[in-house]
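The structure appears right after this line, and notes come after that.
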Amino acid sequence: MTINKFQGKTEAEAVEKAKSEMGADVVIMNVREIKPGGIFRFFKSSVYEVTAARDEKEQAVNLAQALKSPLKKHDNINYTADESINIPPFQTQRPSEGAASAGKITKTDTEPKDISQKEWGLEEKLENLQNILEKSLSGEDRRDSEEFIPHVQENSAERSEGFQGLKMVYKVLLDNEVNEKYVNQIMDDVEKVARSGSSMDLVLSNIYQKMILKFGQPKKIELAEGGQPKIVFFIGPTGVGKTTTIAKIASKFKVDMGKKVAFLTADTYRIAAAEQLRTYANILDTPLTIIYSADELNAAIERVDDFDLVLVDTAGFSHKNENQREDVKRLIESLDEKYEKEVYLVVSATIKYRDLLEISDIYHEIADYKIIFTKLDETTTYGNMLNVRMHSGAELSYVTDGQNVPDDIELFDTQKVVKQLLGGR
């Protein structure tokens, strides 16, 4: 993996520089505004700096170069970094989330092949994980830790601080319900670093970077160009909160951004579904059209052709119901090709792992989609988000953590989730 920084007068200019030099598939890990300092700061403009990464799968980590860095083992682990990661959020953080922000994870600046203590550390200690790791290094939990990676055999020469840390991270990820297959993939990526006798900090930094890249850059809804509305379909099982999620997104675009938003609903199976969306439409002063078949879709969109965004609520159904599945597929495919569309699969973070995999597979038969996770406030383990991302290959988008409209929604916060998966708070 290669990580570089680029600066520009605007965020777009900095991102463009990154893509120009590192390729279109580059992952933007951090965007920050650098404000001028000094007594003449009022006469200077801010610049934007992006940190971009590209995963070079065939390029091995240069351990010899990494080990030349002035790293040493120490009793008190310090994960301090030079700056924090701030993936551009969908919304401004609310005051009630202040406690969570205090534990915000920070980025690693560079891959181990060109590394310094300051560059690859994490801004704050991962409190829970740190305690576990320190116990393992002191010998209190070493015997148990040796059972956590059955496919790795170590000898006495390979026993190191980093290797013990790798084992404990393995257990923490399993405890957070990350599937063992994906945990092994992550461990395989960094095992050579651990076997080399590297410090725990270096191993954790490597794991953190790999997990950030595996989650990928979250995608938000972008409006269409050319004056036509963007058509966004929301699909998913019953009871996952599709209608409420639609209302939250509509509120953000209409109230916060001043865009013209319209609702369509094809959910005529549930009696209260259309009325729930109508309530939100009345509050937002937004038009709502109920369509009873795929044939009515384009005519309904023509009536709001001058709007910026059309959000389409579809019927929630069991992923085993083939008839309703075909109805939703026919609805999406009936959209006139002149319109730009996106499809979002809405799933609850509380759904069982096997059901999530089956849902992701079956809904891929309907359309390619991005994923919105709901009900994060109803679970304490986030492993399924990584599981579904790795299994489906679908990009992640928004997450919701409550029923409040429009507050309880934000763009997927990769750093926060990775921190929690690694045992942080």
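What size of dipole, in debye to the nearest 20, comes out for region 178-284 about its Cα centre when the only charges are +1 on Lys and Arg C-beta atoms and -1 on Asp and Glu C-beta atoms?
With Lys and Arg at +1 and Asp and Glu at -1, about 380 debye.
Specify whether the C-alpha gyration tensor of region 208-260 places it in the rounded, prolate or oblate class, a ≥ b ≥ c being the square roots of the eigenvalues: rounded for a/c under 1.5, otherwise prolate if a/b is larger than b/c and oblate if not.
It is oblate, given that a/c is not under 1.5 and a/b is not larger than b/c.
Regarding region 358-425, what's the average projected area of the Cα-atom convex hull, expressed in nm²?
Average of the hull's projected areas for region 358-425 equals 5.1 nm².
How do 334-340, 360-366 rank on mean C-beta neighbours within 10 Å, highest first?
360-366, 334-340
Just subtract the alpha-carbon distance of E395 and Y339 from 0.36 nm times their residue separation and send over the number in nm, one decimal.
Extra length available between E395 and Y339 comes to 18.0 nm.
Report in % the part of the accessible area of region 251-300 that belongs to carbon and sulfur, leaving out ligands and nucleic acids; probe 1.4 Å.
Result for region 251-300: 51 percent of the exposed heavy-atom area is carbon or sulfur.
Excluding Q228 itself, what net charge comes from residues whose Cβ is under 13 Å from its Cβ, given Lys and Arg +1 and Asp and Glu -1?
Summing Lys and Arg as +1 and Asp and Glu as -1 gives -4.
Whole-Hz Karplus ³J(HN,Hα) for region 232-241, in order, using 6.51 cos²θ - 1.76 cosθ + 1.60 and θ = phi - 60°, x for Gly and Pro?
Once rounded to whole Hz, the list reads 10, 9, 10, 10, x, x, 6, x, 8, x.
As an exercise, find the ratio Rg/Rh for region 285-425 from alpha-carbon atoms, using the Kirkwood inverse-distance average for Rh.
Rg/Rh: 1.00.
Can you tell me the relative contact order of region 180-288? Whole percent, Cα pairs under 8 Å, sequence separation 6 or more.
Reported as a whole number, the value is 15 percent.
Given Cβ point charges of +1 (Lys, Arg) and -1 (Asp, Glu) and nothing else, what value in debye, to the nearest 20, does the dipole of region 254-362 about its Cα centre take?
400 debye
Reported to two decimal places, what Rg/Rh ratio describes region 263-359 when computed on Cα atoms with Rh from the Kirkwood expression?
The Rg/Rh ratio comes out at 0.98.
The values are calculated or read from the model by the stated rules, or taken from the named source; none is laboratory data. Predicted, not measured: the structure shown is a model, and the values here were computed from it. In this analysis, Cβ positions are derived from the backbone assuming ideal geometry, glycine residues included, and neighbour counts consider all displayed protein chains. Keep in mind that these areas ignore ligands, DNA and RNA; they rest on the heavy atoms of the full protein, side chains included. Shrake-Rupley method; radii C 1.70, N 1.55, O 1.52, S 1.80 Å.
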